[in-house]
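The values are calculated or read from the model by the stated rules, or taken from the named source; none is laboratory data. Keep in mind it's a predicted model, so treat the numbers as computed, not measured. Cβ placement follows ideal geometry from the backbone for every residue including glycine, while neighbour counts extend to all protein chains displayed.
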């Protein structure tokens with residue numbers, strides 16, 4: 001009886017092990033496509049061992065292609081153009097590609113297997129995305145639930161970005177989270193300063209990354225982030241600007257204002273900044289300084305409801321109400337909005353009512 | 001049995017496996033992919049081809065393992081596990097080889113191959129081959145015939161479903177409901193073959 005069991009277990013395991021060995025050996029043998037060269041945008045070229053999917057190869061070369069599902073082919077974000085060597089379109093890619101995309105050779109990087117020399121085209125912005133190792137050098141309280149963090153870049157040492165773009169900060173595994181997560185935050189620093197960045201972060205109750213930033217991150221700690229991403233940016237026109245922001249929506253607008261000061265931009269600009277209470281207004285002094293340095297700039301803080309003991313003689317009510325009350329020349333303006341989805345939707349409504357066409361409203365929704 | 005009589009027996013088994021004892025329409029094995037992938041002929045064709053190939057190859061492979069390893073050791077009761085492991089490994093291997101040497105074929109079969117691992121008609125063919133005590137040569141006929149039978153059934157179903165696409169079907173019966181009813185009618189029609197051949 002015992003013998004039968006032993007033989008049975010032995011036979012099944014050895015056949016199983018034998019088959020597994022055959023598979024491993026043949027995987028090694030069949031999956032060896034030799035070295036393949038990949039040319040990106042006709043400028044960067046590198047050689048990799050074939051057999052892996054294009055997405056992992058690109059990430060291995062520190063070219064960050066956006067992807068939310070991690071290469072399982074379910075998010076459809078890792079689109080890029082493969083001009084040569086990708087083979088025919090796979091059924092797994094079809095659902096994610098529009099007709100014009102198929103015609104222009106757009107593919108899902110995670111589904112394309114590198115088996116030949118490839119010619120790849122990715123948007124220029126993606127080429128500039130890097131992973132940065134940084135050191136936290138300063139944490140400043142702005143309000144009771146907003147902090148300003150400064151990071152000094154260690155490797156690589158400098159960053160180029162367009163004001164309005166964001167980075168993804170990596171929150172490591174810590175007591176309240178068992179996995180690494182990336183969260184997006186807009187850059188708020190002066191773009192002239194290339195060796196560091198500054199973020200304005202508002203505490204999200206229960207949020208994995210913000211809780212880590214507020215309770216665990218200390219000055220001197222090393223963090224990882226990657227970027228820059230996003231196409232929220234100032235246009236090159238001379239149209240008067242309306243900035244509308246609330247809470248940590250301050251960040252990209254502050255960055256844009258630094259840029260305007262650095263380039264002595266003479267565009268007329270008004271900045272409506274909304275807060276619930278007077279004590280939730282932040283960086284007012286810096287904004288006043290911008291007002292004195294930028295001829296056409298005006299900062300309009302708005303407080304939704306004043307506590308009895310607070311002194312406030314500025315605008316009161318909702319940001320959208322203040323915009324509606326004070327904006328006269330809306331038709332010629334361009335609007336730049338940043339904040340919570342609720343605020344942005346309401347502001348877009350009001351702006352449209354005042355005559356700002358949709359193609360002149362730009363926004364960055366924090367979702 | 002002599003070689004010639006083995007061959008003619010294999011031929012009979014081959015034809016009966018296609019028509020009178022169709023593994024799908026008389027045993028209702030492999031229904032899940034049959035319903036899932038029969039919406040259009042192109043996909044059904046790819047899956048059907050893959051089934052023919054895998055079914056023939058795995059039933060032969062399993063015949064060897066059963067008669068060379070399991071039977072002498074008295075481990076016949078292990079055949080379920082063994083067969084499934086072998087089918088899974090074989091499908092993996094075939095996928096790799098096709099991917100390497102024939103990208104166009106891989107393109108055609110690619111997504112269906114892994115699906116086949118869990119197609120119960122494949123396991124069913126191997127188990128019937130044991131129960132009915134087929135010899136190696138007869139198993140060739142049986143595996144190939146069952147595969148072709150399954151292929152025929154899914155192609156026929158896909159053809160019918162393509163025509164049905166524009167018909168007005170009561171909403172409660174749309175999709176799998178009407179497909180099962182059609183499968184039942186097809187099975188009835190296939191009973192008509194029963195008088196043609198006295199299958200084994």
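The range B:1-119 holds helices (runs of 4 or more DSSP H) entirely within its bounds, and those carrying 3 or more residues that are surrounded by fewer than 17 Cβ atoms within 10 Å (Cβ to Cβ) map to B:3-18, B:41-64, B:79-101, B:103-109.
Condition first: in contact with a helix residue (DSSP H, G or I) (Cβ under 9 Å, 6 or more places away or on another chain) and within 20 Å of residue A:75 (Cα to Cα). Now tell me which residues in the range A:103-119 satisfy that. Before the answer, list the steps.
Restricting attention to the range A:103-119, the residues satisfying the condition of being in contact with a helix residue (DSSP H, G or I) (Cβ under 9 Å, 6 or more places away or on another chain) are A:106-115, A:118.
Residues satisfying the conditions are A:106, A:107, A:108, A:109, A:110, A:111, A:112, A:113.
Here is the figure for the range A:126-162: residues that are over 24 Å from residue A:66 (Cβ atoms) and in a strand (DSSP E or B) total 15. Before we move on, is residue B:143 in a helix (DSSP H, G or I), under 22 Å from residue B:3 (Cα atoms), out of contact with any strand residue (DSSP E or B) (no Cβ under 6 Å at 6 or more places or on another chain) and more than 14 Å from every other protein chain (Cβ to nearest Cβ)? Judged against the criteria, residue B:143 is a match. Quick one: would you say residue B:58 is under 20 Å from residue A:26 (Cβ atoms) and either in contact (Cβ under 8 Å) with a residue 12 or more places away in the chain or more than 12 Å from chain A (Cβ to nearest Cβ) (or both)? So residue B:58 fits the description; yes. Evaluation of residue B:85 against the conditions (1) more than 10 Å from chain A (Cβ to nearest Cβ); (2) modelled with pLDDT of 90 or more; (3) under 24 Å from residue A:5 (Cβ atoms) shows that the sole unmet condition is (1).
Give the residue, chosen from A:294, A:327, that is more than 16 Å from residue A:246 (Cα to Cα) and at pLDDT below 90. Talk me through it step by step, then tell me what you get.
Working: A:294 fails: at pLDDT below 90.
From the options A:294, A:327, the qualifying one is A:327.
The lone criterion from (1) farther than 21 Å from residue B:17 by Cβ; (2) in contact with a helix residue (DSSP H, G or I) (Cβ under 7 Å, 6 or more places away or on another chain); (3) within 14 Å of chain A (Cβ to nearest Cβ) left unmet by residue B:45 is number (1).
For residue A:105, the conditions (1) on the phi > 0 side of the Ramachandran plot; (2) surrounded by fewer than 21 Cβ atoms within 10 Å (Cβ to Cβ); (3) in contact (Cβ under 8 Å) with a residue 60 or more places away in the chain all hold with the exception of (3).
As a summary of the residue check, residue A:327 satisfies the conditions (1) surrounded by 12 or more Cβ atoms within 10 Å (Cβ to Cβ); (2) under 26 Å from the mean Cα position of the chain (by Cα) except for the one numbered (2). In the range B:28-40 there is no residue matching the filter, namely being within 14 Å of chain A (Cβ to nearest Cβ), under 14 Å from residue B:126 (Cα atoms) and more than 12 Å from the chain's Cα centre (by Cα). Exactly one residue among B:118, B:111 is more than 10 Å from chain A (Cβ to nearest Cβ) and at pLDDT below 85, and that residue is B:118. Inclusion of residue A:4 among residues that are within 11 Å of another protein chain (Cβ to nearest Cβ), assigned to a loop (DSSP other than H, G, I, E, B) and at pLDDT below 85 is not warranted.
Yes or no: residue A:91 surrounded by fewer than 14 Cβ atoms within 10 Å (Cβ to Cβ) and either more than 29 Å from residue A:282 (Cβ to Cβ) or free of Cβ contacts under 8 Å to residues at least 40 places away in the same chain (or both)?
On the way: surrounded by fewer than 14 Cβ atoms within 10 Å (Cβ to Cβ): no; either more than 29 Å from residue A:282 (Cβ to Cβ) or free of Cβ contacts under 8 Å to residues at least 40 places away in the same chain (or both): yes.
The answer is no for residue A:91.
Within the range A:113-125, which residues are assigned to a loop (DSSP other than H, G, I, E, B) and either surrounded by fewer than 18 Cβ atoms within 10 Å (Cβ to Cβ) or modelled with pLDDT of 90 or more (or both)? Give the steps one after another, and end with the answer.
Our first condition is that a residue be assigned to a loop (DSSP other than H, G, I, E, B); within the range A:113-125, this holds for A:114-117, A:122-123.
Those that are assigned to a loop (DSSP other than H, G, I, E, B) and either surrounded by fewer than 18 Cβ atoms within 10 Å (Cβ to Cβ) or modelled with pLDDT of 90 or more (or both): A:116, A:117, A:123.
When you look at residue B:127, is it farther than 21 Å from residue B:46 by Cβ and part of a helix (DSSP H, G or I), yes or no? Judged against the criteria, residue B:127 is a match.
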